[in-house]
1. Among the candidates B:129, B:102, B:149, single out the residue that is open to solvent by less than 40 Å² (accessible area, probe 1.4 Å), at pLDDT 95 or above and aliphatic (A, V, I, L, M).
2. Please verify whether residue B:36 is touching a residue at least 60 places away in the same chain (Cβ under 8 Å) and over 25 Å from residue A:226 (Cα atoms), treating the condition exactly as stated.
3. Would you mind finding the one in A:257, A:234 that is among the hydrophobic types (A, V, I, L, M, F, W, C) and touching a helix residue (DSSP H, G or I) at 6+ places or on another chain (Cβ under 6 Å)?
4. Kindly evaluate residue A:284 against the criterion of being touching a residue at least 40 places away in the same chain (Cβ under 8 Å), over 10 Å from the mean Cα position of the chain (by Cα) and in a loop (DSSP other than H, G, I, E, B).
5. Can you tell me which condition residue A:277 does not meet? The list is (1) surrounded by fewer than 17 Cβ atoms within 10 Å (Cβ to Cβ); (2) touching a helix residue (DSSP H, G or I) at 6+ places or on another chain (Cβ under 8 Å); (3) more than 14 Å from chain B (Cβ to nearest Cβ); (4) assigned to a helix (DSSP H, G or I), and all the others hold.
6. Are any residues in region A:75-113 under 16 Å from the mean Cα position of the chain (by Cα) and surrounded by fewer than 24 Cβ atoms within 10 Å (Cβ to Cβ), and if so, which ones?
7. Is it the case, given these coordinates, that residue A:298 is in contact with a Ser or Thr (Cβ under 6 Å, 6 or more places away or on another chain) and either part of a helix (DSSP H, G or I) or open to solvent by 10 Å² or more (accessible area, probe 1.4 Å) (or both)?
8. Might you check whether a residue that is over 12 Å from the mean Cα position of the chain (by Cα), open to solvent by less than 10 Å² (accessible area, probe 1.4 Å) and on the phi > 0 side of the Ramachandran plot occurs anywhere in region A:235-248?
Amino acid sequence: MDYRTQQRKYHGIMIGTLVVLIMIFLGALCAGRLLLSWPDMWQALTHPIWLAKAPTTAMTVIWQLRLPRILGACLIGFGLSLSGGAYQSIFQNPLVSPDLLGVTTGASVGAAVAILAHGNIIAIEICAFVAGIITVSLTMMVPALLKSSNNLTLVLAGIVVGGFMTAILGLLKYLADPESQLQDIVYWQLGSLAKVNYQTLLATLPVFIIAGGILLALRFRLNVLSLSPTEALATGVNLKFERMIVILCATLLTAAAVAIAGTIGWVGLIIPHIAKLLTQQNNQRALPLMGLLGALFLLLIDTLARTLSPGEIPLGILTGLLGTPFFIGILFKQRGRL
Amino acid sequence: MPTLATKALTYGYTKAKMCLNDINLTITPGQITTILGPNGVGKSTLLQLLCGLLTPVSGSVLLDQQNVSQLPPAKRAQAIALVPQMTSIGALPYTVLDYLLLGKTAQLGLFQKPREADYDQAQQVLGELNASDLLNRECQSLSGGQMQLVTIGKALMQAPQIMLLDEPTAALDYRNQVQILKLLQQLADQGLGIVLTSHDPNQAVLLKHHVALVDRTGHLEVGDMSDMINSEKLTKIYGTNLHVEYVASCQRLVCMITL
């Protein structure tokens, strides 16, 4: 296929994904325990609650409950899939997910500490974010101490530090009050968007915009960073510097996502694969599509999570249930490559 | 066209033992230098030093009087291209076109992506390599010879003045070896300075120009092919009996091993 034809096909896929995302976005605004009709939803959406003298129930549901949650789902899906795709490229490993360097377990420890200290939701999010970043810093220190620039050393350091954090998390769960705190920690570990509000969104929005924007701008470089170190260096890349920027941005995105919604698995693993499958594995085209598909996937999952049952199903359960067969399907499609 | 030269270059992976000692080598435009020597004497290391990926323990590598290891990576790659022996082309899921475009990295800013003209250049490079039909093939589906050709294509996308190739014909059949050697001659005729490592002295004979012999003490001797390829020198370098004689039917020197 000529590359201009490829380019046209790619633009078609992007526009198609964007249209589906918008449709699910609007559908998600209607769906929920209070089912809103299309005109009611539209009426409420086009009249911001802050300007209304007497807000209707629909306005309250849309502006105070559903919209922040839906925006959160889109942002977190966007961030997790971009960071998963970036990690998979620079570590030349298709099975890598955003928590490779221990950011997720580290964030879980931070959140658990805040829960044990009876912190409010903001304190939990701040602790999760900071602990996630500290964990990745510890992981990055190991290769620096060993004076090794090998990817494998970094991955092994991630496994070791992640394992240490899992042990600490186990200890914190052991110490937690089984009647209240333990439930909170487990619920947070399973991931949920129920507590997302405008405040948390605004606090993390700069991270999503800046780190996500940098990764998108570096998408061609991600192709180059997939080369062996000698080849990449000979091609003219400042390998250490550029790899560090990518790891930093991917970690910030994951930490921000985990901080506001807990640990949500699978998104960062399967969405990059789907995007690459649709774009001939080229990061230059795959990364923007990854962002859109990640937003679409998590929005769909979250909408199902809050509509399928009277209670709310934790996201980690749904992404796992849907992700596993989906991933097997992708592996089957790529069997020639394995 | 710039000249690449080493001055009393010495390098070792450990402080205790230097693998390359006092190397003086000059690469001029349009000239092919074939580096011969036993396994493990540092031929690949020398190529990495020449393109600035390793920093010498003492001495220097100069590209028109500028120290190569101190040049910014992009500037260095605009002048010198390296085709390593082990490339990742067979493990990458990209198409040949996407792989070739990676060669433009040095010409693009950190946040830039290849332009329309770069896509055209990739097609042109493949055309020059007589491999236009590979453009949209997946790299993983290529044969060994095709992969080597595409890897050289990526190096050509850098538009370098000097190209360094680490055993470019290793693991290739005779037909592909001839294709690669002819290509190197063509590139030298166009003015490119070429340095390659090889385990076959016959290739050095075919490529004529210069031959550099690296011995087990890490010393290098360089000269015209006709002065360097003889039974005595090669037997000494490789530590086994090698016989070089002129074969009239081939109209060239031929190097033979005996058991």
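The values are calculated or read from the model by the stated rules, or taken from the named source; none is laboratory data. Note that the structure is a prediction, hence the values are computed from the model and not measured. So basically every Cβ, Gly included, is an ideal-geometry build from the backbone, and we count neighbours across all protein chains shown. We work out accessible area using only protein heavy atoms, side chains counted, and drop any ligands, DNA or RNA first. Shrake-Rupley method; radii C 1.70, N 1.55, O 1.52, S 1.80 Å.
1. Answer to the selection: B:102.
2. Answer is yes for this residue.
3. Checking each option against the conditions leaves just A:257.
4. For residue A:284, the condition - touching a residue at least 40 places away in the same chain (Cβ under 8 Å), over 10 Å from the mean Cα position of the chain (by Cα) and in a loop (DSSP other than H, G, I, E, B) - is not met.
5. (3)
6. Listed by number, the residues that qualify are A:95, A:96, A:97.
7. no
8. Checked region A:235-248: at least one residue is over 12 Å from the mean Cα position of the chain (by Cα), open to solvent by less than 10 Å² (accessible area, probe 1.4 Å) and on the phi > 0 side of the Ramachandran plot.
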